[in-house]
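K.L.:
Pasting in a structure now, in structure tokens, and then I'll have a few things to ask.
The values are calculated or read from the model by the stated rules, or taken from the named source; none is laboratory data. What you are looking at is a predicted structure, and each value in this text was computed from that prediction instead of being measured. Don't worry about glycine lacking a Cβ; one is built from the backbone with ideal geometry, like all the others, and counts go over all protein chains shown. The area values use the complete protein model at the heavy-atom level, side chains included, leaving out ligands, DNA and RNA. Shrake-Rupley method; radii C 1.70, N 1.55, O 1.52, S 1.80 Å.
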Amino acid sequence: MLQILLNGIVSGLLVALPAVALSLTYGVLKFPNFAIGSMITFGAYIALFFNVDIGVPLFAAAGLAAVGLAAVALLIDRLVYRPLRGADHVTLLVASIGVYFVLENVVRFLFGSDIRGYDVTVARPHRWMGLRVNNEQILIFVVALLAMVIVWFILMRTPFGRAMRAVSDNPDLADVRGISRNKVIALVWVISAALSSTAGVLIGMDGIIDPLMGWNYVLPLFAAVILGGIGNPLGAVLGALIIGIVEEMSTLVLPTTYRQAVSFVIIALVLLLRPHGLLGKPRISR
Amino acid sequence: MIGYLTAILVVVLISALVALALNIQWGQAGMVNFGIFGFFAATSYVAALSALAGYPLLISLVLAILTGVVLSALVALVSARLREDYFAIATLAFAEAVRLFLLNETWLTGGANGLPGIPRPLSAYASGQSYELLFFVLALVLAAICFVFAQALTKSPFGRVLRALREDDLVAATLGKDVLSFRIWAFAAGGAILGVAGYLHSSYFGYIDPTQFGAFVTAYAFMAVIAGGRGSNTGLLFGAVSVMVLLEGTRFLKDLMPFLDAGQAASLRLILIGVGLILLLIYKPQGFFREHRLRVNKGDTK
């Protein structure tokens with residue numbers, strides 16, 4: 001039982017990183033970024049390129065991947081989302097599906113569709129009070145918590161974070177107060193790229209790397225964000241942890257192949273019973 | 001040559017039907033169905049299974065249509081009150097759930113191996129190239145019926161209410177329209193057309209597996225609807241045909257660039273789809289045709 005809880009928390013933390021990214025971009029840009037899955041994949045492959053093809057240690061390769069993906073995200077914003085600023089959110093939604101196609105298939109084009117892995121040695125799992133813990137799980141735990149503390153610090157304790165929250169609450173008012181929307185948006189893309197690529201590398205270390213690895217996380221991600229209240233980063237973390245734990249527990253009663261269906265059920269239930277999520281405020285929109 | 005031509009035309013007709021369904025659901029009623037590939041997959045599998053069980057054309061077709069209608073109505077019943085972006089997520093989640101079911105219930109769906117040997121309808125009446133032609137005529141007739149149905153729906157008072165809902169559901173509700181039931185019916189009407197599309201898909205290819213129904217189906221359909229001008233059924237025909245010509249045209253990329261392997265050529269095509277979709281949204285978001293509006297001719301107002 002404790003083992004299941006532990007596994008659940010770790011896989012929840014893995015979902016939490018991109019879920020925070022998704023919820024930040026939603027807060028500022030006001031559309032759910034369906035390309036988030038392919039951003040995870042892209043980040044994982046940039047790290048793969050540096051790690052396997054060039055021979056950089058994985059730790060450094062993960063840093064390079066974060067920088068690389070941030071550059072890609074800024075480029076995409078410049079080419080795709082900036083011309084569409086002010087368009088209704090359905091247009092942005094459909095555009096993000098287009099971005100998803102481009103990113104995932106650039107990966108296929110450059111790296112092929114085979115399953116790959118990082119150049120790391122696999123260690124035996126540790127035993128600790130009857131629990132089985134492997135090195136990847138400890139790493140995920142530490143890195144994810146660290147990343148979330150950093151994001152929390154940026155959001156709550158820096159002028160950038162204040163500007164970000166202002167734009168997310170009321171873009172017009174923020175604009176009047178002289179906050180540059182484009183700068184805030186750029187920062188949000190950099191943060192969400194760093195979070196997604198970190199998640200991509202961790203997912204790749206724990207499991208496999210293939211072009212669909214990010215897409216498989218899209219549903220749990222959206223489930224986490226909706227459960228926590230869309231646009232609320234703290235809620236996204238909470239939602240992700242709940243999804244992770246429920247998914248692990250579901251394997252007790254369901255065949256493991258149906259793990260992902262948990263996300264579907266949670267999305268359906270939340271939308272039916274509490275569409276604004278656990279921490280979100282009910283919003284009266286138009 | 002005739003075989004190749006009819007093959008392309010049948011594929012164009014099937015994807016035009018999928019886009020036509022989206023045009024009712026999203027174009028008219030404003031319901032962003034990102035999970036359209038899940039409904040398409042479900043109707044295709046029902047059509048395939050009933051054909052494999054030995055049911056004739058008409059019964060499999062009706063079963064596929066019923067599947068489309070019932071599933072769409074159920075999904076709409078649960079989620080039609082949601083805002084557009086939530087609705088998109090909910091339908092996508094549904095489609096992924098369908099995919100999981102198809103992949104894992106191997107006893108019924110063959111899992112990842114799919115269902116081979118689906119009997120082709122009317123095969124007693126022709127063979128070889130003339131059969132290809134016969135199937136094309138069947139597809140054409142079914143597509144024409146769907147098109148007339150969609151056009152009638154668009155021009156009817158029902159279609160007018162849908163467009164009113166899309167623009168502002170609060171106003172429509174204030175005028176006494178039952179928003180939820182209109183949305184459910186609109187979604188179900190799209191589902192019926194997806195049933196026809198699913199039937200044609202499984203019976204034409206004779207083999208289906210879960211990889212044929214991915215998010216790219218959603219992307220094609222949105223491209224066709226946007227290119228054709230949201231809400232316009234005639235524009236949609238243009239949109240669907242031009243998108244498919246583009247897609248089929250990019251098959252020849254491999255001949256132009258022989259240094260690419262098959263996988264790279266396939267991914268290049270999908271990259272082009274993504275780029276095309278984005279370019280359309282940026283430069284031609286209103287599409288190339290206008291949707292149907294009531295026209296007041298000179299002299300009508302006297």
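K.L.:
Taking each pair of distinct Cα atoms in chain B once, what is the resulting Kirkwood hydrodynamic radius in Å?
P.N.:
Result for chain B stands at 19.9 Å.
K.L.:
Once the other residues with Cβ under 15 Å from the Cβ of A:P255 are scored (Lys, Arg +1; Asp, Glu -1), what is the net sum?
P.N.:
-2
K.L.:
Based on the Cα coordinates of the protein assembly as shown, what is the per residue volume of their convex hull in Å³?
P.N.:
Cα convex hull per residue, to the nearest whole number: 179 Å³.
K.L.:
What aspartates and glutamates sit close enough to A:K30 to cross-link, taking a C-alpha to C-alpha distance under 18 Å and skipping anything fewer than 8 places away on the same chain?
P.N.:
Within reach: A:D77, A:D88, A:D169, A:D172, A:D175, B:E84, B:D85.
K.L.:
Another question about this same structure. With Cβ to Cβ distances under 9 Å as the rule, what net charge do the other residues near A:V90 carry (K, R +1; D, E -1)?
P.N.:
My count for the surroundings of A:V90 gives -3.
K.L.:
While we're here: For the pair B and A, how large is the buried accessible area, both sides, in square angstrom to the nearest 100, if the probe is 1.4 Å? Each step should come with its number before you reach the end.
P.N.:
On the way: alone 14980 and 14760 Å², together 25950 Å².
Interface area, both chains combined: 3800 Å², rounded to the nearest 100.
K.L.:
On to the next question. With every protein chain kept in place and ligands, DNA and RNA left out, what is the accessible area per residue of segment B:155-302? Probe 1.4 Å, answer in Å².
P.N.:
49
K.L.:
Another question, then. Go through segment B:191-272 and name the chymotrypsin sites (Phe, Trp or Tyr not before Pro) that are in a DSSP coil and have 12 or fewer other Cβ atoms within 10 Å of their Cβ.
P.N.:
Passing sites in segment B:191-272 are B:F252, B:F259.
K.L.:
Compute the Rg to Rh ratio over chain A from the alpha carbon atoms, using the Kirkwood formula for Rh, and round to two decimal places.
P.N.:
Ratio of gyration radius to Kirkwood radius for chain A: 0.96.
K.L.:
A:R274 to A:L74: extension gain in nm, 0.36 nm per residue of separation minus the Cα-Cα distance?
P.N.:
68.6 nm
K.L.:
Work through the residues other than B:G214 whose Cβ is under 14 Å from its Cβ and net out their charges, Lys, Arg +1 and Asp, Glu -1.
P.N.:
On the way: positive: A:R108, B:R99, B:R269; negative: A:E104, B:E96, B:D209.
Here the count lands on 0.
K.L.:
Set the Förster distance to 35 Å, then compute FRET efficiency between B:S130 and B:A262 from the Cβ-Cβ distance, nearest 0.05.
P.N.:
E between B:S130 and B:A262, to the nearest 0.05, is 0.65.
K.L.:
If you don't mind, another one. Considering only B:R120, B:R166, B:R83, give the residue with the highest GNM mean-square fluctuation for chain B, with springs between Cα atoms whenever their separation is below 10 Å.
P.N.:
B:R83
K.L.:
Continuing with the same structure: Hey, any idea what the orientation-averaged projected area of the convex hull of segment A:74-209's Cα atoms comes to, in nm²?
P.N.:
Over every viewing direction, the Cα hull of segment A:74-209 projects on average to 11.6 nm².
K.L.:
Filter the chymotrypsin sites (Phe, Trp or Tyr not before Pro) in segment A:209-252 to those in DSSP coil with at most 10 other Cβ atoms within 10 Å of their Cβ, and list the result.
P.N.:
Working: sites: A:W215, A:Y217, A:F222; in loops: none.
Loop-located and lightly packed - none at all.
K.L.:
Comparing B:I59, B:I24, B:I226, which has the greatest mean-square fluctuation in the GNM of chain B with Cα pairs linked when under 10 Å apart?
P.N.:
Of B:I59, B:I24, B:I226, the Gaussian network model singles out B:I59 as fluctuating most.
K.L.:
Further question: Out of the total accessible area of the protein assembly as shown (probe 1.4 Å, heavy atoms of protein only), what percent is carbon and sulfur?
P.N.:
With neighbouring chains kept in place, the figure for the protein assembly as shown is 68 percent.
K.L.:
5 Å is the cut-off here: which amide hydrogens, built 1.01 Å from N in the peptide plane, fall below it relative to A:I209, excluding neighbours closer than 5 in sequence?
P.N.:
For A:I209, whose amide H was placed from the backbone, the distant partners under 5 Å are A:R116.
K.L.:
While we're on this one: Pairs of lysine in chain B with Cα under 28 Å and at least 8 positions apart or on different chains: total?
P.N.:
Lysine pairs, 8 or more places apart or on different chains, close enough: 4.
K.L.:
For the pair B:L180/B:N113, report the inter-label distance in nm, with labels modelled 7 Å from Cα in the Cβ direction.
P.N.:
Distance between label points: 4.5 nm.
K.L.:
Taking only complete DSSP H runs, can you tell me which helices of chain A stretch 24 Å or more along their own long axis by Cα positions and average at least 0.5 on the Kyte-Doolittle scale?
P.N.:
Numbers: long enough: A:2-29 (39 Å, 1.86); A:58-76 (26 Å, 2.54); A:89-111 (33 Å, 1.62); A:135-157 (32 Å, 2.05); A:181-206 (37 Å, 1.18); A:233-253 (31 Å, 1.69).
Helices meeting the criterion: A:2-29, A:58-76, A:89-111, A:135-157, A:181-206, A:233-253.
K.L.:
Right, here's the next one. Report ³J(HN,Hα) in whole Hz for each residue of segment B:179-193, in order, from the Karplus equation J = 6.51 cos²θ - 1.76 cosθ + 1.60 where θ = phi - 60°; Gly and Pro get x.
P.N.:
4, 4, 5, 4, 5, 4, 5, 4, 5, 5, 4, x, x, 4, 5
K.L.:
Then there is this: Across segment B:275-281, in residue order, what do the Karplus-derived ³J(HN,Hα) couplings come to in whole Hz, using 6.51 cos²θ - 1.76 cosθ + 1.60 with θ = phi - 60° and x for Gly and Pro?
P.N.:
For segment B:275-281, the Karplus-derived couplings read 4, x, 4, 5, 4, 4, 5 Hz, x marking Gly and Pro.
K.L.:
Here is a follow-up. Running a GNM on chain A with Cα contacts under 10 Å, which residue among A:I243, A:I191, A:I76 ends up with the highest mean-square fluctuation?
P.N.:
Sorting by GNM fluctuation, first place goes to A:I76.
K.L.:
Rounded if a/c is under 1.5, else prolate if a/b beats b/c, else oblate: with a ≥ b ≥ c from the C-alpha gyration tensor eigenvalues square-rooted, which is segment A:110-155? Working shown, then result.
P.N.:
Numbers: a/c = 3.46, a/b = 1.06, b/c = 3.26.
Note, shape of segment A:110-155 comes out oblate.
K.L.:
How large is the accessible surface of A:D175 in square angstrom, using a 1.4 angstrom probe and rounding to the nearest 10?
P.N.:
We get 100 Å² for A:D175.
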